[in-house]
Amino acid sequence: MISRYSRPEMVALWAPETKFRIWFEIEAHATDALAELGVVPREAAQALWAWWATNPVIDVAAIDAIEAVTKHDVIAFLTWVAENVGDEARFMHQGMTSSDVLDTCLNVQLARATDLLIADLDRLLEILERRAHEHRMTPTIGRSHGIHAEPVTFGLKLAQAYAEFDRNRARLVAARADIATCAISGAVGTFANIDPRVEAHVASKMGLSVEPVSTQVIPRDRHAMYFATLGVIASSIERLATEVRHLQRTEVLEAEEYFSPGQKGSSAMPHKRNPVLTENLTGLARMVRGYVTPAMENVALWHERDISHSSVERYIGPDATITLDFALARLAGVMDNLVVYPERMQKNLDRMGGLVHSQRVLLALTQAGVSREDAYRLVQRNAMKVWESDGALSLLELLKADPEVSARLTDADLEERFDLGYHLRHVDTIFARVFAGSAASPPAAATPA
């Protein structure tokens, strides 16, 4: 985690003071439950909360100093609390083990981090939907293998991105539900020295569900799935960022990142306007995906527990969520401010002499009685002439002049197959599927001629 790629709210969630506050809440709620069960004096729980109410500052440095001696973070925290609370603090942590605190806290942090990420996705989705409708019928060329294919609209590109991130939102909601579990089950998870009702009470207070079977640790398949979900979202970020980067290339220039007044693109070349934000997003996506494999490797622990996962999670918990939070916010800004050039899209669409309509001519010839193999040969031999002329020749005119083609299709038949609107006639159907029920969806617009 570095400040350049961090946002304050997510960073604060992973701060040491936040962690210790969650630890205290877990311990105090557990002590409450133990008091209700008659295991510890009620005054012990009351003393904890009374101290907490008048002592809002966590002395992280003091806890760290104790840990330097104990070499154990939870013991250091309990010692510091006891030094401040007094004799009643001896009833804290009854029957619990360190993992009860550490694992439950981590899952609280991941659940809260997920709430921020879901809000990030909601903002991105709102922007993508708005801009998709803005360019619903803006014609552009679809590309496969980076090569001109057939016409689409820029709105369809954005609708695809919306649908993908909408799926990611559903995945993230499911991942939150899966990760938000609590374990207060004691050594090796048998509840031998602590009643399961304590776990249920802490889970309720912390907004979690109980872990059905914890073996002193919460099973790490949950965490593996969680970080895998973050990795998928990162991949979707890179996919959209890569699309913008390609569209901003000088020879394409159909859309570009907003270039602000005073911004500089190169220290050497004053003319440069580089896609720096989307290149940055590509790199950040790689980092988030890089945390997935360690999370997967954390699943296999020795017997009921070991701590080989601990050092990994101290890295990837904060770094993955902080990085993804920043990346989603940056992507939302890129798409909100994206500069779109419909005229350049049309120019590129027309650049190759009508080659984009070749399939319609192929199909027309087959419907006119020509075998598919012969139809393909007739269209391709004329299309290759257009390729070789770099779009200077017209596919329509070449086809009209080809006696084998004209024997089957009239000039009017051919001209009909070069109608751009034909390719866009189902755009509204696709939009209805993607944005079904959305209040932001405007009425359908006329298809361009």
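Things worth noting here:
- Accessible heavy-atom area order of Ile430, Ile26, highest first, probe of 1.4 Å: Ile430, Ile26
- Dividing the mean sequence gap of close Cα pairs (under 8 Å, 6+ apart) by how many residues the stretch 104-173 holds gives a relative contact order of 33 percent.
- Phi angles across the stretch 161-170 convert, under the Karplus curve 6.51 cos²θ - 1.76 cosθ + 1.60 with θ = phi - 60°, into 3J(HN,Hα) values of 4, 4, 4, 5, 6, 5, 5, 4, 5, 4 Hz, Gly and Pro given as x.
- Option label - Cα extents along the principal axes in Å computed here, alternatives [x] 71, 54, 40; [y] 72, 49, 39; [z] 101, 52, 42: [z]
- For trypsin sites (Lys or Arg not before Pro), the sites in the stretch 251-304 that DSSP calls loop and that have at most 13 other Cβ atoms within 10 Å are Lys264, Lys272.
- Mean-square fluctuations from a GNM of the chain, with a 10 angstrom spring cutoff on Cα atoms, peak among Gly38, Gly421, Gly354 at Gly38.
- Stokes-Einstein D (µm²/s) once Rh is taken as the Kirkwood radius of the stretch 2-133 over alpha-carbon pairs, at 25 °C in 0.890 mPa s: 146
- Figure legend: label point modelled 7 angstrom from the Cα of Ala368 along Cα→Cβ; residues of the stretch 389-433 with amide N under 16 Å from it are 395-419.
- Counting only Cα atoms, the stretch 168-323 measures 71, 28, 24 Å along its principal axes, largest extent leading.
- P(r) tail, the stretch 276-342: Cα-Cα pairs separated by more than 20 Å, 44% of all pairs.
- For the stretch 222-280, applying the loop criterion from DSSP together with a ceiling of 16 other beta carbons within 10 Å to the GluC sites (Glu not before Pro) yields Glu251.
- Relative contact order of the chain, taken over Cα pairs closer than 8 Å and 6 or more residues apart, is 17 percent.
- Our summary gives the stretch 231-326 a relative contact order of 31 percent, counting only alpha carbon pairs under 8 angstrom and 6 or more residues apart.
The values are calculated or read from the model by the stated rules, or taken from the named source; none is laboratory data. Predicted, not measured: the structure shown is a model, and the values here were computed from it. All Cβ positions, glycine included, derive from the backbone under ideal geometry; neighbour counts span all protein chains shown. Please note that ligands, DNA and RNA were not included when accessible areas were found on the heavy atoms of the full protein model with its side chains. Shrake-Rupley method; radii C 1.70, N 1.55, O 1.52, S 1.80 Å.
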